Amino acid sequence: QKGGYDTFMLKEIYEQPEAIRETLRGRVEKEKIHLEDLEKLDLEKINRVYFVACGTAWHAGIYANSLFQKWIDVPSICVAASEFRYSDPHIDDKTLCVYISQSGETADTLAALKMSKEKGAQTISIVNVLGSSISRASDVTLYTCAGPEIAVASTKAFTTQLALVTLLILKMAELRHTTVDCKAELLEGLKRMPEVVSEMLDKHELMKQYAAFLKNQEDAYFIGRQLDYVSVLEGALKLKEVSYVHADAYFAGELKHGAIALIEKDTVVIAMATQPEVAAKTISNIEETMARGANVILITTKDQPAPKFKYVIRIPDVHPLLAVIPVTILLQLFAYYAAVEKGRDVDKPRNLAKSVTVE
Ligand code: F6R
């Protein structure tokens, strides 16, 4: 059942090239994106958009919202479902609500969906489980084709969500007659993503070695800016839930407003600097943690100068808007090996359920 892997989590991490390929299959043809179901909606009249989800899926929502805001001139926000459903949001038939859920059964996400439908919203769901409650209740469902995800910690569901929401937002831009200059490059990048992911999986020994830095540590800090912040949130959540190491996620520029007080000799800092406009700034923030003795692992691009760093992983050339996928693979491996090192039950972390059907 585990296909020769020790755990479902590791198997599912390794299934990602195929899961992404399957999710893209039939949906991208040269520069054309096939998401015909969207024609059921009246996207031209939309004047407000909410992305709503929980946990890891919420991180995919933050990513989707960032792309949406970059390209489409309509106010949008990403909100955790458990907050959204109680927030009495402004919703009418010009509102689009996009729900993201692996299981399609998360109680808060489902309740938020039902509430928004009652108020007249148009709804899209991005779901992995066929025929699940969220898929049945929404106007349009786009399936991630990750296959069954058994391990409690979400891995392949997340990266397929990232790939699919990229297509969704590009398609929405097209339907609203907005030109996205890098569209061809992004589509090409997505098609190449399975190979990029495989290249990242080949770094497993290195991630195991870095995860051992946490041996005598109880905390870790994940730092980045802009889209790297999505990887930062996801990396910290993954580490917490499977290894029980306390992990915080910070914007690099926010460190000096408080959290840097926590950095001392041997504190583990995992820094992401893949976004070209801000990478140098992030690197200088991280050097400040190094000056205080932090043990820094830096994930950056091929050509970013980082002369002061001892532990550097460089991701392959991908469009910066897609960098969160290869970075996430590294962080999944990092969390996995940290958990193994600490002897945790990787597939069934304490206190957690695969599908949260309680509120
Ligand atoms: C984290 C994780 C959870 C889920 C969250 C939402 O690894 O698995 O945070 O992402 O419970 O679940 P779905 O996507 O099924 O709605």
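The values are calculated or read from the model by the stated rules, or taken from the named source; none is laboratory data. Predicted, not measured: the structure shown is a model, and the values here were computed from it. Heads up, the Cβs are rebuilt from the backbone with ideal geometry, glycines too, and the neighbour counts pull from every protein chain shown. For the accessible areas, the whole protein counts, side chains as well, though only heavy atoms, and no ligand, DNA or RNA atoms are used. Shrake-Rupley method; radii C 1.70, N 1.55, O 1.52, S 1.80 Å.
Overview of values
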item: Residue 211 being touching a Leu at 6+ places or on another chain (Cβ under 9 Å) and under 22 Å from residue 161 (Cβ atoms); result: no
item: Set 105, 83: member being surrounded by fewer than 23 Cβ atoms within 10 Å (Cβ to Cβ), within 16 Å of the ligand (Cβ to nearest atom), assigned to a loop (DSSP other than H, G, I, E, B) and not hydrophobic (A, V, I, L, M, F, W, C); result: 105
item: Any chance residue 356 is β-branched (Val, Ile, Thr) and either open to solvent by 10 Å² or more (accessible area, probe 1.4 Å) or modelled with pLDDT of 95 or more (or both); result: yes
item: Subset of segment 328-353 that is over 19 Å from residue 60 (Cβ atoms) and within 11 Å of the ligand (Cβ to nearest atom) - its residue that is surrounded by the most Cβ atoms within 10 Å (Cβ to Cβ); result: 349
item: Which numbered condition residue 168 fails, given (1) surrounded by 18 or more Cβ atoms within 10 Å (Cβ to Cβ); (2) within 12 Å of the ligand (Cβ to nearest atom); (3) on the phi < 0 side of the Ramachandran plot; (4) not β-branched (Val, Ile, Thr); result: (2)
item: Test: residue in segment 51-66 that is within 14 Å of the ligand (Cβ to nearest atom), part of a helix (DSSP H, G or I), open to solvent by less than 30 Å² (accessible area, probe 1.4 Å) and among the aromatic types (Phe, Trp, Tyr); result: yes
item: Residues that are in contact (Cβ under 8 Å) with a residue 12 or more places away in the chain and surrounded by fewer than 21 Cβ atoms within 10 Å (Cβ to Cβ), drawn from segment 234-244; result: 244
item: Subset tally (residues that are among the small types (Gly, Ala, Ser), assigned to a helix (DSSP H, G or I) and under 16 Å from residue 127 (Cα atoms)) for segment 149-180; result: 2
item: Subset of segment 110-127 that is within 11 Å of the ligand (Cβ to nearest atom) and farther than 21 Å from residue 46 by Cα - its residue that is least open to solvent (accessible area, probe 1.4 Å); result: 127
item: Single unsatisfied condition, residue 126 versus (1) within 17 Å of residue 48 (Cα to Cα); (2) within 16 Å of the chain's Cα centre (by Cα); (3) not in a helix (DSSP H, G or I); result: (1)
item: Segments classed as helices (runs of 4 or more DSSP H), wholly inside segment 201-305, with at least 1 members that are within 16 Å of the ligand (Cβ to nearest atom) and closer than 23 Å to residue 156 by Cα; result: 228-243
item: Condition check for residue 11: among the basic types (Lys, Arg) and either within 15 Å of the ligand (Cβ to nearest atom) or under 14 Å from residue 157 (Cα atoms) (or both); result: yes
item: Condition broken by residue 130, with the remaining ones in (1) within 14 Å of the ligand (Cβ to nearest atom); (2) touching a Lys or Arg at 6+ places or on another chain (Cβ under 6 Å) satisfied; result: (2)
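Residues are listed down the side, and each one gets a yes or a no for (1) touching a helix residue (DSSP H, G or I) at 6+ places or on another chain (Cβ under 6 Å); (2) under 20 Å from residue 335 (Cβ atoms); (3) at pLDDT 95 or above:
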| site | (1), (2), (3) |
| --- | --- |
| 267 | no, yes, yes |
| 275 | yes, no, yes |
| 279 | no, no, yes |
| 283 | no, no, yes |
| 290 | no, no, yes |
| 299 | yes, yes, yes |
| 302 | no, no, yes |
| 310 | no, no, yes |
| 318 | yes, no, yes |
